[in-house]
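The values are calculated or read from the model by the stated rules, or taken from the named source; none is laboratory data. Model, not experiment: these values are computed from the prediction. Quick reminder, even Gly has a Cβ in these numbers, built from the backbone with ideal geometry, and neighbours come from all protein chains shown. Ligands, DNA and RNA are stripped out before the accessible areas are found, and what is left, the full protein with its side chains, is counted by its heavy atoms. Shrake-Rupley method; radii C 1.70, N 1.55, O 1.52, S 1.80 Å.
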Amino acid sequence: MGTDSRAAGALLARARTLHLQTGNLLNWGRLRKKCPSTHSEELRDCIQKTLNEWSSQISPDLVREFPDVLECTVSHAVEKINPDEREEMKVSAKLFIVGANSSASTRNAVDMACSVLGVSQLDSVIIASPPVEDGANLSLEHLQPYWEELENLVQSKKIVAIGTSDLDKTQLEQLYQWAQVKPNSNQVNLASCCVMPPDLTAFAKEFDIQLLTHNDPKELLSEASFQEALRESIPDVQAQEWVPLWLLRYSVIVKSRGIIKSKGYILQAKRRGS
């Protein structure tokens, strides 16, 4: 691991951007942890193992190039959707904004997901509530720049339907009234409410918004947990220099059978000051 880690550390010391993608977790085989207890644990495990696999396969040519953008992946797990089967698949994604960054992250994430999966369009994208300052409540103003970018992606036919996560009735109503492209779904975390709030249920029914459940933690990936995973995988890296910007989790489901054919994570991080 020493030589691998030194090469990876040298590349990360010069690069500005890191793109990490796990490929299809169902193809991981021996890499797969049998039963992660939480989504956060699964994600951290995925980040570490992807970094380990990537660093063990760094070519001398890559070290000589010192690219600005590092593409870090588990190559044997990469799996694009067969174009002949595209109509039989539902491709869904959930986007988590991690760092304080521009709404352009939304487009970057969707473009990268389409490229990774070999498709021109995602069927559904749900955006997790973007981070707000401590003590502040999520407002429409926080959500607007990200939602506008999602609307642009719907209008350019990159996404079919867009949805939200963890909005209460007031927040959902404000977004619905303001938005040009209306949310078609809203995820509710059942850990925080065992029963769907009646006012939210009534509003969703009136405006044909699907209420879904999820069990993601409030913060799926923090800056600190990403840096720790980076440090454990590549001891020679200045982990504190790297900041995750966004994380996208995708799934590909066979429509007729409801079977998951593919699922994975894509993440973008930047080096501070770059």
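Points to keep in mind about this one:
- Dmax and Rg, reported as Rg then Dmax, of segment 143-274 (C-alpha, Å): 18.1, 56
- Our estimate of slack between SER40 and SER103, defined as 0.36 nm per intervening residue step minus the Cα-Cα distance, is 20.3 nm.
- Of the beta bridges in the chain, as assigned by DSSP with both residues counted there, near 55 percent are antiparallel.
- Calculated on alpha-carbon atoms, Rg and Dmax of segment 174-225 in Å: 13.5, 42
- The chain, accessible area per residue, ligands and nucleic acids excluded (1.4 Å, Å²): 49 Å²
- For segment 1-156, the equivalent ellipsoid built from the Cα gyration tensor has semi-axes of 29, 21, 17 Å, listed from largest to smallest.
- Extension gain, VAL132 back to GLU151 (0.36 nm per residue minus Cα-Cα distance, nm): 4.7 nm
- Of the solvent-accessible surface of the chain, computed with a 1.4 Å probe over protein heavy atoms with every protein chain present, carbon and sulfur atoms account for 49 percent.
- Length added when fully stretched, SER225-ARG86, from 0.36 nm per residue minus Cα-Cα: 46.5 nm
- Net charge dipole size for the chain [Lys, Arg +1 and Asp, Glu -1 on Cβ; Debye, nearest 20]: 720 debye
- Binning the alpha carbon pair distances of the chain at 5 angstrom intervals from zero yields the distribution 1, 5, 12, 16, 18, 17, 13, 9, 5, 2, 1, 0, 0, expressed in whole percent.
- Modelled FRET efficiency - R0 25 Å, GLN144 with ASP199, Cβ distances, 0.05 increments: 0.65
- Along each principal axis, Cα extent of segment 126-187, largest first, Å: 37, 20, 19
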